Amino acid sequence: MNEESNAIAAYRVRIGSDCLARHAEGFFEYLRQLGYSPRTASEKCDLLARLGRWLDNRGSMEASFDEATLDLFHRSLNRAGHCRRGEIATGRMLLQYLRGLGCVPIPPPPRAEPDAIDQIVRDYGRFLSSERGLAPATLVNYLPVVRGLLTGRFEQGVVNLGELQPADIHRFVLRYAQARSRRTAQLAVTALRSFLRYLRQRGDVATDLASAAPAVACWSLSGLPKFLPADQVKQVVASCDRGTPVGKRDYTILLLLARLGLRAGEVVILTLDDLDWSNGDIIVRGKGQRLARLPLPPDVGEALVEYLSDVRPPGRTRRLFLRIRAPLRGLAGSASIDCIVARALKRAGLAPPLKGAHLLRHSLATDLLRRGASLAEIGQLLRHSQPNTTQIYAKVDIEALRRIAVEWPAGAP
């Protein structure tokens, strides 16, 4: 009898005959699919046994199990000193599993009517998504700014969009910019102008308030892009311990960033279906929901094959890159990719001012330019929607700038 069979047999003995007993093996298998070892899954299933007995003692049935019942159960464990680490998360997984089976009803959505500001923000969000086709990440940036403007202006009274004045926009932008970076403030102004044009289009405001949003001085070509020389990029990628599952996964992610210039968010949302092995390319979902096909360099393809065959376990998700530890699910977001880059930089002994995934994107563009690629070619690889976005990389081609620089007049101060 193997470890898994032993764990199931032991679990059957412990579960007893409570109202959740029939779900013992199913929940055990559910935990195994999430990547938990047989031993850990068996230990987590203890919660189901204790919860079932607790429900029996209360005269409750499984159909009455919900978040409130789970909270009462955990409180009773805390009072008795029997609550173990991680059991709250395990209880939520159990509730999700039972709802997936249809044994526990899914709670209806809250019926509380949204207030006026909530409704305006939701309508604007739907407009950005359906009419403008903007990505969810853009909505995450825009909607809090709009909510902040409306809350600050109408906090003490009835929401009347027709009462918005240029002075209200000025005050909000000044207050917002003082507490944030210039880039963040500039993005807020972009969001405000978009929202105010939307209100004008709907007829909620009579004047063009978008032009009243003051510009934030943050010129796109005023600085130099942060980048690493090609040898240091190789050093960062090579810092991964490819003898471990984490190292193999991180090595593959770093290669995608360094060789194809993907953004962090683009790596996070990659799926198994985005890999076209017959044509040797990969589908990338970029900004504005645009799709692009990029060829897979041989080293990137080899790393992907090694990751998929040796590291990535079969799971319930099609996401390409998963957590290494259970529960197995896709990486949480762009911050996860930035952390992988930051750890690699630390291992390589490097401390550049920019430590996120965009550092490798800038480094790729800079290296291509120095090897003779044109700005148009770089913009095509990086999938820039506007040609002027790529122009900043011209500033790092020092040799080309020397050839066109005007000599300083002799004797001039």
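Readers should treat all values here as calculations from the given coordinates under stated rules, not as data from a laboratory. Because the structure is predicted, anything quoted here is derived from the model rather than measured. Quick reminder, even Gly has a Cβ in these numbers, built from the backbone with ideal geometry, and neighbours come from all protein chains shown.
Let me make sure I get this right: for the stretch 230-359, a, b and c are the square roots of the gyration tensor eigenvalues over alpha carbons, sorted descending. Under 1.5 in a/c it's rounded, otherwise prolate if a/b > b/c, else oblate. Which is it? Before the final figure, lay out each step's value.
Working: a/c = 1.41, a/b = 1.23, b/c = 1.15.
In terms of gyration-tensor shape, rounded.
Excluding A303 itself, calculate the net charge of residues whose Cβ lies under 13 Å from the Cβ of A303, where each Lys or Arg counts +1 and each Asp or Glu counts -1.
Numbers: positive: R242, K248, R249, R259, R312; negative: D250, D299, E302, E306, D310.
Once all neighbours under 13 Å are counted, the net charge is 0.
Cα extents of the stretch 116-212 along the three principal axes, largest first, in whole Å?
32, 31, 24
What ranking do R182, R197 get, fewest neighbouring Cβ atoms within 10 angstrom at the top?
Numbers: R182 12, R197 15.
Fewest-to-most Cβ neighbours within 10 Å comes out as R182, R197.
Enumerate the lysines that K234 could reach by cross-link, defined here as Cα to Cα under 21 Å, with residues fewer than 8 away along the same chain left out.
Result set, ordered by chain and number: K226, K248, K346, K355.
Taking a ≥ b ≥ c as the square roots of the eigenvalues of the Cα gyration tensor of the stretch 260-320, is the shape rounded (a/c under 1.5), prolate (a/b larger than b/c) or oblate?
oblate
Taking neighbour counts of Cβ atoms within 10 Å as a proxy for exposure, in what order, fewest first, do T138, T184, T317 appear? Before the final figure, lay out the partial values.
Working: T138 20, T184 15, T317 11.
Least crowded to most crowded, the residues run T317, T184, T138.
Could you give the nm distance between label points at Q201 and D338, where each point is 7 Å from its Cα heading toward the beta carbon?
Placing both labels 7 Å beyond Cα along the Cβ direction yields 3.0 nm.
Listing E266, E131 from the residue with the fewest other Cβ atoms within 10 Å to the one with the most, what is the order?
Working: E266 22, E131 10.
Going from least to most buried by this count: E131, E266.
What's the magnitude of the charge dipole for the stretch 230-359 around its Cα centre, counting Lys and Arg as +1 and Asp and Glu as -1 at the beta-carbon? Answer in Debye, nearest 20. Intermediate results must be reported in sequence, preceding the final value.
Working: 21 positive and 13 negative charges, 115 e Å.
Using only the charged Cβ atoms, the result is roughly 560 debye.
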